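Peer 1: Got a structure for you, written out below as structure tokens; questions coming shortly.
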Amino acid sequence: MEEIIYLEKPNLHKPFLIIGFEGWPNAAEVSSSALQQLVENLGAKKFASIPMETFYQMSSLRPVAVIKEGKLVELKIPGNHFYYAKGLARNDLILFSGIEPHLRWNIFVDQVLHLAEKFDVSQIFTIGGTYDYIPHTFPPMVSALINHEDLKEKAIRAGLGLTEYTGPISIHTFILEAAKKRDLKAMSLWGHAPQYLQTRNLKVVYAILKSLTDLMEIQIDLSELQRAGEYFDQQVNHLVEHDPKLQEVISKLEEAYRRSERVSGFLGKEEGSKEDKVIYIQAFLKKQEDEEKKEN
């Protein structure tokens, strides 16, 4: 069943395995951005990949072409890649950045966990993003789902909320259940992004990576990401100042959040999902970026 393609097989010491996916569990691009930050920040080296063909409907997950003046310059094919980073602390790291598979979850997860066992992984962390009825004016919420009772106190000490949920699952939960059967401890971290902000949320990415590094007891410089999250907040506040409807919605969320410290479900589907209560700030941020480039 060894379908993983290895570029090398590094010698790692009791590594943590950190997993992130694009797709359904990637609200506000929290999961993919967090893994990208780790790979780039740590200078992690790619060492293995899972082939795409077995697990995806390629008509839904199409390769991307870069064409200039009629010439094919580049063909970008989505991938599932493992990276490693050494020498951070007592534990090395394995990072997996992929796309939630469309098909054969059991086989896909078996391959990931087979690699975890091969490298004697000490604990698995998955990182996901979810939209929630939470105001951006409060510190981001990070919640945890665990597959072993020993991890509960660890999550509580880290200030994480414990997940309460009934409904359709992502592959994260599937991984936790499969890992439990193999006696592998796993924790799923979820960054809760305000549902009215439909864009990459670096403030939530910072919060989830800060929680992750605290749990692993390793030091990673997140200062640049923290500044980017603060700048993101400034841009959102600028937009909200000029939109009375959004001000009203956010004010209601803040009031509910202060009362209950848990606002999910407060507005309900009908109240919270209207188009006029969603901020699409990509175009605004792109405009700001273009203006800054002109000034420089």
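Computed from the coordinates by the stated procedures, all read-outs in this text should not be read as laboratory data. The structure presented is a predicted model; accordingly, all values stated were derived computationally and were not measured. Using ideal geometry, Cβ is built from the backbone for each residue, glycine included, and neighbour counts are taken over all protein chains shown.
Peer 1: Where is the GNM fluctuation largest for the chain (alpha-carbon springs, 10 angstrom cutoff): Gly167, Gly23, Gly87?
Peer 2: Top of the fluctuation ranking is Gly167.
Peer 1: Related question: For segment 108-247, what is the percent of antiparallel DSSP beta bridges, rounded to the nearest 5?
Peer 2: In segment 108-247, approximately 35 percent of DSSP beta bridges are antiparallel ones.
Peer 1: Roughly how many debye, to the nearest 20, is the charge dipole of segment 1-130 about its Cα centre, given +1 on each Lys and Arg Cβ, -1 on each Asp and Glu Cβ, and no other charges?
Peer 2: For this selection, approximately 260 debye.
Peer 1: How long are the semi-axes of the equivalent ellipsoid of the chain, defined as square roots of 5 times the Cα gyration tensor eigenvalues? Whole Å, largest first.
Peer 2: 32, 25, 19
Peer 1: Explain nothing, just the number: dipole magnitude of segment 5-295 about its Cα centre with +1 on each Lys and Arg Cβ and -1 on each Asp and Glu Cβ, in debye rounded to the nearest 20.
Peer 2: 680
Peer 1: Further question on the same structure: Pick out, in residue order, every one of the GluC sites (Glu not before Pro) in segment 12-90 that is DSSP loop and has at most 16 other C-beta atoms within 10 Å; say none if there are none.
Peer 2: Glu53, Glu69
Peer 1: For labels at Arg182 and Lys46 in the simple 7 Å Cα→Cβ model, what's the distance in nm?
Peer 2: 2.3
Peer 1: Further question on the same structure: For the chain, what is the calculated [θ] at 222 nm in deg cm²/dmol (nearest 500), taking -39500 (n - 2.57) for each run of four or more DSSP H residues and dividing by its residue count?
Peer 2: Here the helix-only value at 222 nm equals -12500 deg cm²/dmol.
Peer 1: Let me ask something else. Running a GNM on the chain with Cα contacts under 10 Å, which residue among Tyr133, Tyr231, Tyr83 ends up with the highest mean-square fluctuation?
Peer 2: Result: Tyr231 has the largest fluctuation of those listed.
Peer 1: Please identify, among Ala89, Ala144, Ala178, the residue showing maximal mean-square fluctuation in a Gaussian network model of the chain using a 10 angstrom Cα cutoff.
Peer 2: Of Ala89, Ala144, Ala178, the Gaussian network model singles out Ala89 as fluctuating most.
Peer 1: Also, I was wondering about something else. How charged is the neighbourhood of Leu215? Take every other residue with its Cβ under 14 Å from the Cβ of Leu215, and add Lys/Arg as +1 and Asp/Glu as -1.
Peer 2: That sum, taken over residues with Cβ under 14 Å, equals +2.
Peer 1: Put +1 on the Cβ of every Lys and Arg and -1 on every Asp and Glu Cβ in segment 5-295; which of Ser251, Asn147, Tyr231 then has its Cα farthest towards the positive end of the dipole?
Peer 2: Asn147
Peer 1: Of the options Trp190, Thr163, Ala65, report the single residue whose Cα projects farthest towards the positive end of the charge dipole of segment 5-295 (beta-carbon charges: Lys, Arg +1; Asp, Glu -1).
Peer 2: Going by the Cα projections, it comes out as Ala65.
Peer 1: Separate question: Would you mind checking Lys86/Lys181; Lys46/Lys71; Lys14/Lys118; Lys46/Lys86; Lys9/Lys185; Lys154/Lys180 for any pair whose Cα atoms are more than 19 angstrom apart?
Peer 2: Exceeds cut-off: Lys86/Lys181; Lys46/Lys71; Lys9/Lys185.
Peer 1: Please report the antiparallel percentage of the DSSP beta bridges confined to the chain, to the nearest 5.
Peer 2: Expressed as a percentage, antiparallel bridges in the chain total about 50.
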